[in-house]
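The values are calculated or read from the model by the stated rules, or taken from the named source; none is laboratory data. Source: prediction; values computed, not measured. Cβ coordinates were reconstructed from backbone atoms using ideal geometry, including for glycine residues, and neighbour counts include every protein chain displayed. These accessible areas exclude ligands, DNA and RNA; they are computed on the full protein's heavy atoms, side chains included. Shrake-Rupley method; radii C 1.70, N 1.55, O 1.52, S 1.80 Å.
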Amino acid sequence: MKDVRQEYHAPGLTEADLLADPVEQARRWVDDAINAELPLANAMTLATVSADGRPSSRVVLLKGIEDGGFVFFTHYDSRKGDDIAANPNVSFVMFWGPFDRQLIVNGRAEKIPAQQSRNYFASRPRGSQLSAAVSHQSRPASREQLEADMAKLDEQYPEGETIPMPETWGGYRIVPEEIQFWHGRPSRLHDRFRYIRDGGEWARERLAP
Ligand SMILES: Cc1cc2nc3c(=O)[nH]c(=O)nc-3n(C[C@H](O)[C@H](O)[C@H](O)COP(=O)(O)O)c2cc1C
């Protein structure tokens, strides 16, 4: 690992490249990654903190930037869901290596309206709907039991029938309080800009790398 060294060559990031609204700037970066067809361009590593102050992280998929927040879907009764119920402060990071770009968002997670989650659930492939319905996410499980439960549900809801969204499944919107844009530069003299919400406005500053 010590010998792994990557130089960053891409042109840097200046104030002039940045939009005043960091949420729209983040959308631009996510869109750039999606349009370039980078693998899992919308994957974000989400960190939560439990009631007793222990952090944990995992990858989830960003499914929209709506009403000023970042939306992902999950099981509300998962480990991350339990953490968010106790402490809505979360942080996520997205890294797009080929672009030398890192986006960090800190904010508060809130559940989106159930109808909005149902609409998204209905748009998912049938297999994803079935697996969401049988998975008690974050609980110990046996592969055999999961497959048996999925086969049973598959029979219960033949192709074409609506699979109801589990009550414990849905979306969160992360409403940002701080957003940071990092861009790799040669010799590790990277560019970093941080936006902090200041009342209704966003204040922006450059940070040392
Ligand atoms: C590429 C990738 C995408 C994932 N997307 C999601 C997702 O959108 N929602 C989700 O709940 N879990 C997703 N997972 C699984 C999570 O990483 C994690 O295992 C799961 O949410 C349980 O996390 P928890 O026990 O910490 O709550 C994804 C995993 C990977 C590797």
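A few notes on this one:
- Alpha-carbon Debye profile of segment 76-209, log10 I(q)/I(0) at 0.16 Å⁻¹: -0.94
- Build a GNM of the chain with springs between Cα atoms under 10 Å apart, and of 119, 89, 42 the one that fluctuates most is 119.
- What the Cβ-Cβ distance of residue 93 and residue 153 gives, at R0 = 30 Å and to the nearest 0.05, is a FRET efficiency of 0.30.
- Element breakdown for the chain at a 1.4 angstrom probe: carbon and sulfur atoms account for 50% of the accessible area.
- A Cβ-based charge dipole, computed about the Cα centre of the chain with Lys and Arg at +1 and Asp and Glu at -1, lands at about 520 debye.
- Cross-link reach is defined here as a Cα-Cα straight distance under 27 Å, omitting same-chain residues fewer than 8 places apart; for residue 63 the lysines meeting it are 80, 111.
- Semi-axes of the equivalent ellipsoid of segment 1-90 are 28, 19, 14 Å, computed as sqrt(5λ) over the eigenvalues of the C-alpha gyration tensor in descending order.
- Using the 1.4 Å probe convention, the accessible area of segment 27-137 works out to 49 Å² per residue with neighbouring protein chains retained.
- The calculated FRET efficiency for residue 59 paired with residue 197, based on their beta-carbon distance and R0 = 35 Å, is about 0.85.
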